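Peer 1: First the structure, which I've put down as structure tokens, then a few questions once you've had a look.
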Amino acid sequence: MAKKQPGDAPDTPAADQAAAPDAPAKEPAKKKEPKPKAAKAKPDAAPAAAPAGAAAPSGDGAAAPAEAAVAPAEEAGPKKKGGQPGIPPRRGKKLRTWLRDQQTKIAKEGAVPLRRAIQLVKQFIKAKEEHRKKRKGFDQSVEVHMSLGIDATQSDQMIRGSVPLPHGVGKAVRVVVFCQGDNVAKARDAGADFAGSDELIKKIQGENWLDFDVALATQDMMGQVSRLGKVLGPRGLMPTPKAGTVIPAGQDVAVAVREFKAGKVEYRSDKGGNVHAGVGKMSFEDDKLAANITAFVEQIRAVKPAGVKGHYIRSITVAGTMTPGVRVSM
């Protein structure tokens with residue numbers, strides 16, 4: 001057996017590649033990828049999107065990129081813009097500018113007398129709203145908001161009741177009276193929209209009928225009306241002595257009905273110790289609005305709890321339904 005000479009090339013793959021540098025290197029065998037199964041297209045369904053990295057055949061036989069085969073989501077249809085519950089829509093530029101100007105004007109005025117506050121609230125009505133009011137009968141309500149120095153967590157400092165306004169609230173009030181006997185005819189003659197006893201209670205229980213704004217009840221009917229607490233209570237329609245909606249035995253039913261039909265306003269302090277009420281409409285004369293607001297404020301002064309210490313009435317603000325509020329000097 002002949003010995004290998006030092007000049008001979010070794011029998012190794014590396015030596016073969018070194019001996020033939022121009023020869024192409026052998027690539028490892030590629031595994032055949034399984035062809036994706038074509039989804040059965042339904043007659044009414046859109047064609048299935050091609051998998052990522054796959055090529056879609058074009059008309060001339062060449063493979064087109066997968067991005068061209070997949071339609072973007074925006075082309076499927078424009079996304080509808082809708083408001084979310086609890087989030088008001090964005091205000092326009094003109095409205096934001098107008099509100100900023102009004103707030104600046106209010107800040108310069110500061111706390112003003114009552115009649116001046118009414119004039120400022122009426123000046124806030126824009127020309128567009130004035131035109132709509134004349135065309136469709138739109139008339140903003142005038143509201144009074146009072147911040148009281150009471151402790152809302154104490155039951156003896158809760159403020160609740162009702163007050164008749166001299167000139168009403170400017171809207172029709174639907175009154176239902178739970179009574180029996182001769183009081184039914186008296187209530188209807190005084191202007192009550194509905195009056196009765198068992199038939200009204202069954203109608204509310206069975207049909208969930210609530211087509212009224214104020215519910216009154218005589219003292220002898222409270223035993224039966226108390227069964228409607230779960231229906232009327234959450235809506236603030238349950239007759240209660242504190243709100244003045246329970247008619248005592250010695251009081252005339254007709255007088256109570258006339259007061260609420262004319263514009264007797266209920267009030268109740270909230271968790272923050274504030275009291276709110278509607279006292280008229282923008283179409284009211286300044287004197288009538290001033291008389292209604294004065295009557296409401298004096299009523300709140302009269303029911304001051306004995307346990308309140310310090311300032312009882314902290315602030316009074318007058319505003320419209322769609323206007324900024326104006327502070328009234330005490």
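Peer 1: Please list 223-231, 90-98 highest first by mean number of surrounding beta-carbon atoms within 10 Å per residue.
Peer 2: By packing density, highest mean first, the sequence is 223-231, 90-98.
Peer 1: Place +1 on the Cβ of every Lys and Arg and -1 on the Cβ of every Asp and Glu in the range 172-262, take the dipole about the Cα centre, and give the residue among Q180, G244, A262 whose Cα lies farthest towards its positive end.
Peer 2: G244
Peer 1: For the range 232-303, what is the convex hull volume of the alpha-carbon atoms per residue, in Å³?
Peer 2: With only Cα atoms used, the range 232-303 gives 137 Å³ per residue.
Peer 1: Fully extended, how many nm does the chain gain between K271 and R160 (0.36 nm per residue separation, minus their Cα-Cα distance)?
Peer 2: So the extension gain works out to 38.7 nm.
Peer 1: Which peptide among 233-241, 172-180 comes first, and what is the full order, when sorted by highest mean count of other Cβ atoms within 10 Å?
Peer 2: Highest to lowest by the protection proxy: 172-180, 233-241.
Peer 1: Modelled label-to-label distance, E109 and A262, 7 Å Cα→beta-carbon offset: nm?
Peer 2: Here the answer is 3.1 nm between the modelled labels.
Peer 1: Using a Förster distance of 41 angstrom, determine the FRET efficiency expected from the C-beta separation of D287 and K203, and round it to 0.05.
Peer 2: 0.45
Peer 1: Can you tell me the length gained on complete extension of the stretch D151 to Q224, counting 0.36 nm per residue apart and subtracting the Cα distance?
Peer 2: So the extension gain works out to 22.9 nm.
Peer 1: Moving to a separate point now. What is the count of Lys pairs in the range 172-262 whose alpha carbons sit under 23 Å apart, if the two are 8 or more places apart or on different chains?
Peer 2: So the count works out to 8.
Peer 1: Please quote Rg/Rh for the range 172-262 to two decimal places, taking the Kirkwood radius as Rh and restricting both calculations to Cα atoms.
Peer 2: Computed over Cα atoms, the ratio is 0.91.
Peer 1: FRET efficiency for R301 and K242, Cβ-Cβ distance as r, R0 = 25 Å, nearest 0.05?
Peer 2: Here the calculated transfer efficiency is 0.90.
Peer 1: For the pair V255 and I125, how long in nm is the line joining their label points, each one 7 Å along Cα→Cβ?
Peer 2: Result: 3.7 nm between the two label points.
Peer 1: Over 32 Å between Cα atoms: which of K122/K264; K94/K304; K171/K304 fall into that group?
Peer 2: Long pairs (Cα-Cα over 32 Å): K94/K304.
Peer 1: Give me the one-decimal nm value for the distance between modelled label points at Q180 and L95, 7 Å along each residue's Cα-to-Cβ direction.
Peer 2: 5.3 nm
Read-outs: derived from the displayed coordinates by stated rules, not from any lab. Worth saying up front: this structure is predicted, and the values here are computed from it rather than measured. Positions of Cβ are backbone-derived with ideal geometry, glycine not excepted, and every protein chain shown enters the neighbour counts.
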